[in-house]
1. Would you mind finding the one in LYS118, LYS111, LYS95 that is of a type outside the set (Ser, Thr, Tyr), exposed (fewer than 13 other Cβ atoms within 10 Å of the Cβ), at pLDDT below 90 and outside the structural domain of SER70 (by TED's automatic domain parsing)?
2. Of the residues ASP61, ASP78, ASP31, which is more than 28 Å from LEU121 (Cβ to Cβ) and at pLDDT below 70?
3. Is there any pair with a first residue in the range 41-52 that is free of Cβ contacts under 8 Å to residues at least 24 places away in the same chain and over 16 Å from ASP66 (Cβ atoms) and a second that is assigned to a strand (DSSP E or B) and aromatic (Phe, Trp, Tyr) whose Cβ atoms are under 7 Å apart and which are 6 or more apart or on different chains, and what are they?
4. Quick one: ALA126 ticks every box in (1) out of contact with any Pro (no Cβ under 7 Å at 6 or more places or on another chain); (2) among the small types (Gly, Ala, Ser); (3) under 18 Å from SER59 (Cβ atoms) bar one, so which box is it?
5. Counting just the residues of the range 31-56 that are farther than 18 Å from ALA15 by Cα and among the aliphatic types (A, V, I, L, M), which one comes out surrounded by the fewest Cβ atoms within 10 Å (Cβ to Cβ)?
6. Can you pull out the strands (runs of 3 or more DSSP E) entirely within the range 92-167 that have at least 2 residues that are within 16 Å of the chain's Cα centre (by Cα)?
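The values are calculated or read from the model by the stated rules, or taken from the named source; none is laboratory data. Values in this document were obtained by computation on a predicted structure and should not be read as measured data. Here the Cβ positions follow ideal geometry from the backbone for every residue, glycine too, while neighbour counts run over all protein chains shown.
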Amino acid sequence: MNNYEFLIGEKTLTASTERIDDTILVKVGDDTFRFFPLGENLFKISQGGQTHIIAAVKSKDVIYIDIDSSVFEIREADSAHNVVPAASHNIVKDKVFAPMPGKIVKVMVKKGDSVTEKQPLVVVEAMKMENQINSPAAGIVKAVNFATGDQVNTTSPIIELELEPSE
């Protein structure tokens, strides 16, 4: 059995994993989850009668987990980082980043377009799942730095915005 500590916000969470035949048992607090490997980085997870398909990939010291199109970043507690939804990763209101490394499959705006908060801007494929990335604020598209087919990381902005002045 392996034991881990993670940070979620300001709270430390303890988890343990154990391999039993072809499944991985993960205990988080009082909850137990069964992971069934489906292929590289893909798992079926069941808990309390519900089943979900999840994808997980590690990039440097971060594990990205996609559960039903919600992407989470996991970092070990001793790395002094928090676990946060990936949508809040690298939040800079005038820049749009990929939630995890992947490939651009669709760009829905061009330079000069006016956008509203939460408007879909781009779709990034990662771990065989498509993630729609929405605008963090209203404004004008100042730059589109990548095109369909380009590989992106989490540190280079895909789209840059000129924000509308706050009232």
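1. Values: LYS111 fails: at pLDDT below 90; LYS95 fails: exposed (fewer than 13 other Cβ atoms within 10 Å of the Cβ).
The conditions single out LYS118.
2. On the way: ASP61 fails: more than 28 Å from LEU121 (Cβ to Cβ); ASP31 fails: at pLDDT below 70.
None of the others qualify; the one that does is ASP78.
3. GLN47/PHE33
4. Among (1) out of contact with any Pro (no Cβ under 7 Å at 6 or more places or on another chain); (2) among the small types (Gly, Ala, Ser); (3) under 18 Å from SER59 (Cβ atoms), the lone unmet condition for ALA126 is (1).
5. Only one residue tops the list, namely LEU38.
6. Details: elements: 102-107, 120-126, 129-134, 139-144, 159-163.
In the range 92-167, 102-107, 120-126, 129-134 are the strands (runs of 3 or more DSSP E) which contain 2 or more residues that are within 16 Å of the chain's Cα centre (by Cα).
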